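Heads up: the structure comes next, in structure tokens.
The values are calculated or read from the model by the stated rules, or taken from the named source; none is laboratory data. The shown structure was predicted, so the numbers you read here are calculated from the model rather than taken from an experiment. Note: ideal-geometry Cβ built from the backbone for every residue, glycine included; neighbour counts use all protein chains shown.
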Amino acid sequence: MSGASPNPQNRRVLALILPDLLVELALRQRLAQAPELLAEAHRPLGVVVVEEADKPAPQQLSLTVAGQPLTEEPELPASEPLVAVNREAERFGVRAKQTIAEASALVSQLVVVKVKRAEVERALGGLAEVALGYGATVALASPDTVWVDITGSAHLFGGEEALAQDLAERVRELGHRVKIAVSAGPELARAFARWSAPSSKGATAAVTLIAPSRAQSAAEELPIQALALAADDLGYFTRLGLLTLGDLARQPRSALGPRLGKDAARILALCEGLDDTPLIPYVPPRVVEEETTWEDGVSGTEPLGFVLRGLSARLSARLCARGEAAELLDVTLRYDSTIARFRGVDPQLVLHFKLSQPLHREADLRRIVASRLERLKLSAPSVGMKLTVPRLAPIVQRQLSLSELLVGDTSRGEEDLPLVLAELTADIGESRVGVLSLVDAHRPESQSALAPALPVQAANRKRRTSKGKEPSLLSPRSVTPSSSLRKSSLRKSEPPIWSRLPSPPTRLLSQPVELTSVISAGSTLILGHTVYTIERLRFEQRLDAIEWWSRPVARDYLRLWLQSETGGMEALVYVERPSGRRFLQAVGD
């Protein structure tokens, strides 16, 4: 699947280089801690890549004042080399591979940020998934390269240049600077992207297109640093005056063979513009995750909203490229472990979101999560956020009708209701959102039920049932709650009370309110902070031994007309016949 094409002359590979990826990740980490640092984004900055490692448990709790730790974390050693620097640092002479001590001697206010290697690989994996929408095979190489085999797919975008510009635009929207080159193989494409002058400069990125006819001449112009040579070999050839690939290709093979060893044939082929290096396909994970961490904890939810915007944008780009949408969405907030342990709370908080329909657009995902984050009270300062999609579904595009196109109305109004349902579910809980359905029952509180409003759950239940054994008709699982409500067997003595009332009460209380006053004309009732007078009353219905199989119900229902200084209303009261207790159950406006 990933080997060289049958006809190498027709192979076309796009190399996407992210020259500032490490600096961008470092800036993203600093802005996640404090969005107000955006004004200081132009300060000299150096990046150090560190391995992922668990922090040892502290011997004592580190106290904080105003969110700032009293005991600072151990600093990086001065001999640690910088992996990348921003342009402001370069103006002062700071370069990558310099130690922190050497760079600090040039710039006293140099900011050094640690970036985890796992975060770099995660960022490259996300961009590789974005590139899946442009070619069948995608590969990546740390720390800054993504390859796409666009053989046979460029015409779908209007040519190689249009494809490259479109991909560059999508990557730029995610906050990355990008350089792109298209050539016959991955090694040559990466070399052209890094070292060649771009053939076109658009608003999005510099794009270099190398046609097969000029692959050899273009390769000969590349500097010898474009080859992945050892430092000793590179210095040896430079001292001999071999500065380009063309200079190296003109040397006798017998002289280069002993120096290059087993890589001699591959390197000489690259010097001649030939590249049959296979691509190792990147396999995207089934569980899609986007995560951001930072060093200093933040206590407010405003920085989390800033982080959510970037995470949802990258998550949406990956889902669109995969042609999939999120059925479930989990948001994980990581707390400062020391403070969380001190306060006795869990080290992380997980928020679950059940979506009424699969979503993949950035605005929709951010809207659902943001509504809940705004009212969230953090138990401890947060040091990270992660979006996880544990279950995916194919994106189903809506077919536009001819009438919509003629009038210019292509709005997706029918998609707004599921989004509102998902937002309400995130706000008030799944158990409080549903569709009210009527039930054949005598008691007023049992004559309606809240059925689930998320049809996707029913569809998933059907899919799971179809995969397994068909349930028996006598099995309890074969009867759904809705069917049991519709087919409940009740002993009917007369029509339900609601059907007999001229104007049924409009508000049924969730819990009946017990009354202590005497129910008679002229008596007074205190409801809340208002005094009502019973102007008149009327007997409505008697329920005797209803639902005898569970708990016999014997009630007398009375209808009251109440009057106060602010106005009047109707009320429904029932009397428990065995005990004589009186309860207010419903009111009408």
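Key figures
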quantity: Residue that is nearest to P285 (Cα to Cα) [pool: residues in the stretch 105-123 that are touching a residue at least 24 places away in the same chain (Cβ under 8 Å) and assigned to a helix (DSSP H, G or I)]; calculated: R122
quantity: Test result for S510, closer than 22 Å to S437 by Cβ and at pLDDT below 85; calculated: yes
quantity: Subset of the stretch 566-589 that is free of Cβ contacts under 8 Å to residues at least 12 places away in the same chain and not polar (S, T, N, Q) - its residue that is farthest from H442 (Cα to Cα); calculated: G567
quantity: Qualifying residue in the stretch 221-230 (condition: outside any loop (DSSP other than H, G, I, E, B), of a type in the set (G, A, S) and at pLDDT 90 or above); calculated: no
quantity: E374 being exposed (fewer than 14 other Cβ atoms within 10 Å of the Cβ) and either touching a residue at least 60 places away in the same chain (Cβ under 8 Å) or not basic (K, R) (or both); calculated: yes
quantity: Single residue of T277, T301, T238, T292 found to be hydroxyl-bearing (S, T, Y), more than 25 Å from A340 (Cβ to Cβ) and touching a residue at least 24 places away in the same chain (Cβ under 8 Å); calculated: T277
quantity: Strands (runs of 3 or more DSSP E) completely within the stretch 520-589 that count 3 or more residues being surrounded by fewer than 13 Cβ atoms within 10 Å (Cβ to Cβ) and over 55 Å from the mean Cα position of the chain (by Cα); calculated: 530-546
